[in-house]
Amino acid sequence: MLAGLLLAHFGGAAFAENEIVIKFSHVVAPDTPKGKGAVRFKELAEKYTNGRVKIEIYPNSQLYKDKEELEALQLGAVQILAPSMAKFGPLGVKEFEVFDLPYIIPNKAVLDRIEKGPVGQQLLKKLEPKGITGLAFWDNGFKVMTANKPLRAPQDYEGQKLRIQSSKVLEAQMRALGASPQVLAFSEVYQAMQTGVVDGNENTPSNVYSQKMHEVQKYLTVTNHGYIGYTVIVNTKFWNGLPDDIRKSLERAMNEATDYVNNIAQKENSDALDAIKSSGKTQLVALTPDEVKALREAVMPVHKEMESRIGKELIASFYAEAKAAGY
Ligand code: LMR
C-alpha cells in the first residue's frame, strides 16, 4: 500500500518534471480567428500528448509586441507564434510581403491554392535559414479602412496618417494613395487613434472589433483591398529536439487547428463587421463598383514597384494561381 502510494507520488513527480511547456504568444485578442486557433491547438495538443505537453497561451501582446516576438522565438524564449505575413519582411524574409500587395489575393479559393500548393511550401522553406520552421498558414481575412472620414476616393486619403504594420509594401500602398503611413505595433494602435496620433488604419474587421478601434474611429470603409493571414512558426532547434512521438502529436493537433481556423475565419470577420455596424459607434461606408475601380487603379502600380523587393517570379506565381482558379 505504502509502496504503491510512494510509487504514485514519485511517478507523478517524475511525470510533472517531464512535462514540456510550450509558450504560444500572439498580439491579437482571444476572440479572433488566431486567438481561437491558439486555444483549439492547445486543447488538441494537450489531448494528443496525454498531458505530456502543456501549452501556455499569451494573447494581446502580453509577452511581446510585434517585432519582439520574432526575436524571442529565435532566442528560444517563446516556442510558437503566428505572426502576420508582414512581420517577416523586417526579419529579412521579404518574400512574405507578397501577401501584403493590394488585391493580390482575390478570394479564399485562390488563397487556398497558394497556401496548399508548391508556392506556399517554397515560402515556408525561406524561413529555414532563420532557424524557424513554418508549420501552417492561418487565415484572418480581407482588410477594411478606418478613419474619421469616409475614404471613398483616392483623394480622400490625401494627408491621412494611417497606421500600417512595418512593411515596405504597405508603405508603398499608402503612399500611392497620398496617405502618410505610420508604422506602429498592433498593441499601440487603439491609443494612437484615441489621441489623434494617427487618423486611421487598415485591418480586418475582427481585429478592428476586438481592439475596439471602432469606438475611436468615425468611419469604416469596406474596401477589401488586401489580405491579412498568418504563418504559424516554431523555433527549429526546439522543434527538432522534441521526442518524435510528441512532435507527431503536435503536428496532428496543428493540422486540425489549422482546418478549424481556416473554416471559421471568414465568418468571424463578417460577424465582426455586423457587430461593428450594430454598435452604432462608427459609420460603415460601402463603395460603389466605380469607387472600387478607382481605388484599385491607384494602388495596383505597387505590384510593379515592389517587384525588385519581393521577386517578379513570386508575384507571377500568385497571378498564375488566380488565373488557374478562374479569376
Ligand atoms: C496588425 O499588426 O495589424 C495585425 O496583423 C495583427 C495580427 O496579428 O493580426
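The values are calculated or read from the model by the stated rules, or taken from the named source; none is laboratory data. On a predicted model such as this, the values are computed, not experimentally measured, just so you know. Because the Cβ atoms are built from the backbone with ideal geometry, glycine has one as well, and the counts that use them run over all protein chains shown. Surface areas here come from the heavy atoms of the whole protein model, side chains and all, with no ligands, DNA or RNA. Shrake-Rupley method; radii C 1.70, N 1.55, O 1.52, S 1.80 Å.
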Those residues that are more than 16 Å from the ligand (Cβ to nearest atom) and under 21 Å from the mean Cα position of the chain (by Cα), I need them from segment 227-238; list them, please. Val234, Asn235, Thr236
Per the filter on segment 81-95, residues open to solvent by less than 30 Å² (accessible area, probe 1.4 Å) and more than 15 Å from the ligand (Cβ to nearest atom) are Val93
Kindly indicate whether any position in segment 56-75 is surrounded by fewer than 23 Cβ atoms within 10 Å (Cβ to Cβ) and over 30 Å from Lys212 (Cα atoms). yes
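Could we say that Leu242 is in contact (Cβ under 8 Å) with a residue 12 or more places away in the chain and buried (at least 24 other Cβ atoms within 10 Å of the Cβ) here?
Working: in contact (Cβ under 8 Å) with a residue 12 or more places away in the chain: yes; buried (at least 24 other Cβ atoms within 10 Å of the Cβ): no.
Spelling it out, it is not the case that Leu242 is in contact (Cβ under 8 Å) with a residue 12 or more places away in the chain and buried (at least 24 other Cβ atoms within 10 Å of the Cβ).
Which of the residues that make up segment 259-275 are within 16 Å of the ligand (Cβ to nearest atom) and open to solvent by less than 60 Å² (accessible area, probe 1.4 Å)?
Once the filter is applied, which keeps residues that are within 16 Å of the ligand (Cβ to nearest atom) and open to solvent by less than 60 Å² (accessible area, probe 1.4 Å), segment 259-275 yields Val261, Asn262, Ile264, Ala265, Glu268, Asn269, Ala272, Leu273.
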Residues of segment 96-129 satisfying the condition of being touching a Leu at 6+ places or on another chain (Cβ under 6 Å) and either assigned to a helix (DSSP H, G or I) or more than 16 Å from the ligand (Cβ to nearest atom) (or both): Val98, Asp100
For Val78, indicate whether it is over 22 Å from Val208 (Cα atoms), away from the ligand (no atom under 12 Å from the Cβ) and either charged (D, E, K, R) or buried (at least 21 other Cβ atoms within 10 Å of the Cβ) (or both). yes
Report, by residue number, each residue of segment 276-295 that is exposed (fewer than 13 other Cβ atoms within 10 Å of the Cβ) and either among the hydrophobic types (A, V, I, L, M, F, W, C) or not assigned by TED's automatic domain parsing to the domain that holds His214 (or both). Ala286
Selection from segment 178-214 of residues that are among the acidic types (Asp, Glu), within 12 Å of the ligand (Cβ to nearest atom) and crowded, with 22+ Cβ neighbours inside 10 Å: Glu202
Sole miss for Met174 among (1) away from the ligand (no atom under 16 Å from the Cβ); (2) assigned to a helix (DSSP H, G or I) is condition (1)
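If you take the residues in segment 59-75 that are assigned to a helix (DSSP H, G or I) and closer than 18 Å to Lys42 by Cβ, which one is farthest from the ligand (Cβ to nearest atom)?
So the residue we want is Leu73.
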Tell me yes or no: at least one residue of segment 120-128 is open to solvent by less than 20 Å² (accessible area, probe 1.4 Å), in the same structural domain as Ile315 (by TED's automatic domain parsing) and at negative phi. no
